[in-house]
Amino acid sequence: MALAATLWALALLIQDAPAPKDTLLERVTAYARQYESEMPDFICTRVTRRSQQKSNGEWKLLDTVEDEVAYSGGRERMRTISVNGKPAKPGVRPSGFNSSGEFGSSMTYIFAPDSHAQLEFHPPDEFEFHVARINSVFTIRSEGLSSPVAFHGTLTVRQDGAILKLHLETEAAPELSMGEATQEVEFADTTISGQHFMLASRAMALIRAKKTLLRREMTFRDYRKYEADSTLNFSIPK
């Protein structure tokens, strides 16, 4: 009788317990939605090589830019240290093709509830996704115009739900002079103040502006903790 009562009580506890995230999609969704809120405050160095494709298909290096990037309170700020190996003028940032999303916002674009992303699993570790333009919060800005665009791509994931690689391609918006864009981010286990985080290690962005194809290749290194009393003077791009 006592054993039966114990088993009955155990069954009630199991029934009342929250359901475990026992599918890979549930784990990936939870990871992506919590990613930005769980990121630490940090400083890192980003080196960007910007190139343009020539008519023969080869790439011409335009410049190499080194930035110090601070991520604090969900906000990204940066200070350009050098351009082509020469010290940059204080408060001045190179003009031209720029990109964002390397620190997690692209995950939000995919997994925000309002995005209604269509996802298809390709074992053992890849998801294919698509977000329609009507639901998209991914915005492209070109020549004073701004517009949300449809996008699709793939995610390479770990069995615990962590995203290891994100590949995203936008779809054309007729009202924009800028064509389709591609973004790819690789994440790696990074230690900051003795704690482990999955943070961007490499990234690439491509965009076609009329007949010109531009590329940004980025590497991230020297991650360290951002302290509230830091005296670094970052310029804040508008």
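So here's what we get for this one:
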quantity	calculated
Matching residues, segment 63-96, being charged (D, E, K, R) and closer than 13 Å to R49 by Cβ	D63, E66, D67
All strands (runs of 3 or more DSSP E) inside segment 69-144 with 3 or more residues being modelled with pLDDT under 95	75-83, 139-142
Close pairs (6 angstrom Cβ cut-off, 6 or more residues apart or separate chains): under 23 Å from H167 (Cβ atoms) and touching a residue at least 40 places away in the same chain (Cβ under 8 Å) in segment 206-225, in a strand (DSSP E or B) and of a type in the set (D, E, K, R) anywhere	R216/R50; E217/R49; M218/R46; T219/R202; F220/R46
Residue that is nearest to A32 (Cα to Cα), among those in segment 115-161 that are touching a residue at least 12 places away in the same chain (Cβ under 8 Å) and acidic (D, E)	D160
I163 vs. criteria among the β-branched types (V, I, T), at pLDDT 90 or above and surrounded by fewer than 17 Cβ atoms within 10 Å (Cβ to Cβ)	no
Flag if A173 is of a type in the set (A, V, I, L, M, F, W, C), without any contact (Cβ under 8 Å) to a residue 60 or more places away in the chain, out of contact with any helix residue (DSSP H, G or I) (no Cβ under 6 Å at 6 or more places or on another chain) and exposed (fewer than 15 other Cβ atoms within 10 Å of the Cβ)	no
Failed criterion for I14 (all others in (1) modelled with pLDDT of 90 or more; (2) β-branched (V, I, T); (3) over 22 Å from D160 (Cα atoms) hold)	(1)
Lone unmet requirement of (1) β-branched (V, I, T); (2) in contact with a strand residue (DSSP E or B) (Cβ under 9 Å, 6 or more places away or on another chain); (3) more than 22 Å from L61 (Cα to Cα) for I81	(3)
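The values are calculated or read from the model by the stated rules, or taken from the named source; none is laboratory data. Values in this document were obtained by computation on a predicted structure and should not be read as measured data. Quick reminder, even Gly has a Cβ in these numbers, built from the backbone with ideal geometry, and neighbours come from all protein chains shown.
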